[in-house]
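Each reported figure results from applying straightforward, stated rules to the coordinates on display, with no laboratory input. Only a predicted model underlies this, so the values are computations on that prediction, with no experimental measurement involved. Ideal geometry is used to build each Cβ from the backbone, glycine not excepted, and the neighbour counts take in all protein chains shown.
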Amino acid sequence: MNTSRRTVMAAGLATGLVATSLGTAHAASGGTPTRTLFGTLDDGTPVHLWTVANGGIRLEVLSYGGIVHRLDVPDRHGHRANIALGFDNLADYVAKSPYFGALIGRYGNRIAAGRFTLDGHTYQLPLNDSANSLHGGTKGFDKHMWQVEPFTRRSGSGLVLSRISPDGEMGYPGTLKVQVTYTLTARGEWRIDYAATTDRATVINLTSHTYFNLAGEGSGPVHDHTLELAAARYTPVDAGLIPTGELARVSGTPFDFRRTKPIGRDIRQGHRQLVYAKGFDHNWVLDKGSTLDPAYALTLAEPHSGRVMRMYTTEPGMQFYSGNFLDGTLVGTSGRTYRQGDALCLEAQHFPDSPNHPAFPSTVLRPGETYRTSTVHAFSTR
Ligand code: BGC
């Protein structure tokens, strides 16, 4: 995407021109976020549930893991449903969650052999995904308490979540001060802004791991959702789901979502990459590259409810995971089991294993710099 187009997209976001506004159909619910007790951790720490409402959307967030517990979005008739997978109790989030709704850090997705070298030092991270390190290690940001401050501003209502990750946490260098802002705008957008600083050179790749089902959590497979993904290339993986380093063309493969198509159309093709991952679990190289302002990445739509979610991000990559490892053993928020393909994750981020691929966009953060990324989920109906 050239610069002038990018500027237009960014301006569109600022003025709310990018999606059919939900905010006009549903008078802004606005107001200050509210807090209730959700549960208590084994050590006695209370975990709060924060509720934010604006633009016809309602977001419920836990102070544990920054977890998006519910995301209520209207369909074309104005009926709201919870489109995010989760549990109805804290114990399940702590004991068995496959990162439902969680904030992921310090590093989204895999680092091969849990090892990387930076400025001549080699760092070893805990391995929690066979031979690799996944989503920040055994106790990533998804398993920590976050300090939460509510706000109501002109930009919308929301929450600022913060925590300090000590030097050496999960093997990563540097004291990392992290701030994540969830905002609901009056136009029916859920925006996430990430910021971080460090006191030693480190690597960082923060993302959000919401499992979406636009027909409603627990309603069955997402294979008839349609997806348009503005990416001509993706990063193929080995059998351990580590990128080979190649930026392969999607053309002529099941990975081509440049023209919108149902998620299930090609998911059963005997393509080696789909066999490795049991479906889609890959990083798409967004055509727009890294951008200063969130730029268009994808459109997800569900035909029966008419719900549409467009995503805009500053990030260069999009991990599209088709819920391949859901196996019917987890009972979700409304008491129904989650089976393979009952949701999908769209994780805007840098590429997996970037610290071991110098040709990938850099994930290095140095003292004096501020890490800033933003992702917008714009909801509408058709
Ligand atoms: C990864 C999957 C993993 C899932 C959750 C996704 O981001 O790409 O491989 O199974 O997270 O556990």
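This ranking places VAL376, VAL308 by how few other beta-carbon atoms lie within 10 Å of each, fewest first, which gives VAL308, VAL376. Once the chain from THR122 to ASP266 is taken as fully extended at 0.36 nm per residue, the excess over their C-alpha distance is 47.8 nm. Dividing the summed -39500 (n - 2.57) terms of all DSSP H runs of n ≥ 4 by the residue count of the chain sets its mean residue ellipticity at 222 nm at -2000 deg cm²/dmol. Put in order of Cβ neighbour count within 10 Å, fewest first, the listed residues ILE57, ILE263, ILE111 become ILE263, ILE57, ILE111. The mean sequence separation of alpha-carbon pairs under 8 Å and at least six residues apart, normalised by the residue count of the chain, gives a relative contact order of 18 percent.
Might you report the magnitude of the Cβ-based charge dipole of segment 3-381 about its Cα centre, with Lys and Arg at +1 and Asp and Glu at -1, to the nearest 20 debye? Don't jump to the answer; show the numbers that get you there.
Numbers: 36 positive and 33 negative charges, 161 e Å.
Computed charge dipole of segment 3-381: roughly 780 debye.
In segment 3-381, taking the dipole from charged Cβ atoms about the Cα centre, the farthest positive-side position among GLY168, PRO316, PHE87 is held by PRO316.
For a paramagnetic label modelled on THR138 (point 7 Å from Cα along Cα→Cβ), amide N atoms under 20 Å away belong, within segment 172-187, to 172-174. For the peptides 95-101, 185-191, the ranking by packing is 185-191, 95-101, with the highest mean count of neighbouring Cβ atoms within 10 Å listed first. Rounded to the nearest 20 debye, the dipole size of segment 277-346 about its Cα centre is 200 debye, using +1 on the Cβ of Lys and Arg and -1 on the Cβ of Asp and Glu.
Among 360-367, 224-231, 341-348, 278-285, sorting by the average number of other beta carbon atoms lying within 10 angstrom of each residue, highest first, gives 341-348, 278-285, 224-231, 360-367.
Let me make sure I get this right: for segment 3-381, a, b and c are the square roots of the gyration tensor eigenvalues over alpha carbons, sorted descending. Under 1.5 in a/c it's rounded, otherwise prolate if a/b > b/c, else oblate. Which is it? It is rounded, given that a/c, with a ≥ b ≥ c, falls under 1.5.
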